[in-house]
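J.: Following this message is one structure expressed as structure tokens.
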Amino acid sequence: MAKVTVLEEVCKGCALCVDVCPQKVLRLSSDRYNGKGVHPAAVLDGEKCTGCAVCAVMCPDVALRVER
């Protein structure tokens, strides 16, 4: 099983990872803000993650880690 970790303080909330995730595992947090004042990405349903790492490749700030 794969695991996605979001480095919330690095995330700028651009949602590119959310858009490209084929399993729709990620979303922008609606209840948290990071130090930049934006809603960071959050894992919605980690059990659906296949470990493809498309989200991590797409992230311009390297705010995602995918472990397989």
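The values are calculated or read from the model by the stated rules, or taken from the named source; none is laboratory data. Bear in mind that the values here come from a model prediction, so they are computed numbers and not experimental data. As a convention, Cβ positions derive from the backbone with ideal geometry for all residues, glycine included, and neighbour counts pool all protein chains shown. Accessible surface is based on the protein model in full, side chains and every heavy atom, while ligands, DNA and RNA are left aside. Shrake-Rupley method; radii C 1.70, N 1.55, O 1.52, S 1.80 Å.
J.: Write down Rg/Rh for the chain, rounded to two decimals, with Rg from the C-alpha atoms and Rh from the Kirkwood relation over Cα pairs.
T.: 0.93
J.: Another question, then. Provide the gained length on full extension for the span residue 47 to residue 9, in nm with one decimal, where the gain is 0.36 nm per separating residue minus the Cα-Cα distance.
T.: 11.3 nm
J.: Go through the chain and flag any cysteine with no other cysteine's C-beta closer than 4.7 Å, please.
T.: Unpaired cysteines in the chain: 11, 14, 21, 49, 52, 59.
J.: Another question, if that's okay. With the full set of protein chains in place, find how many percent of the accessible area of the chain is carbon and sulfur; take the probe as 1.4 Å.
T.: It is 54 percent, rounded to a whole number.
J.: If you don't mind, another one. How high is the relative contact order of the chain, in percent, counting Cα pairs under 8 Å that sit 6 or more residues apart?
T.: Worked out over the chain, it gives 47 percent.
J.: Using a simple spin-label model with points 7 Å from Cα along the Cα→Cβ vector, what separation in nm is obtained for residue 31 and residue 2?
T.: 2.7 nm
J.: With every protein chain left in place, what is the accessible area per residue of the chain in square angstrom, probe 1.4 Å?
T.: For the chain, the solvent-accessible area averages 61 Å² per residue.
J.: Excluding ligands and nucleic acids, what accessible area in Å² is computed for residue 3 using a 1.4 Å probe, to the nearest 10?
T.: About 120 Å², rounded to the nearest 10.
J.: While we're on this one: Using a basic spin-label model with each label point 7 Å from the Cα along Cα→Cβ, how many nm lie between residue 62 and residue 16?
T.: 1.4 nm
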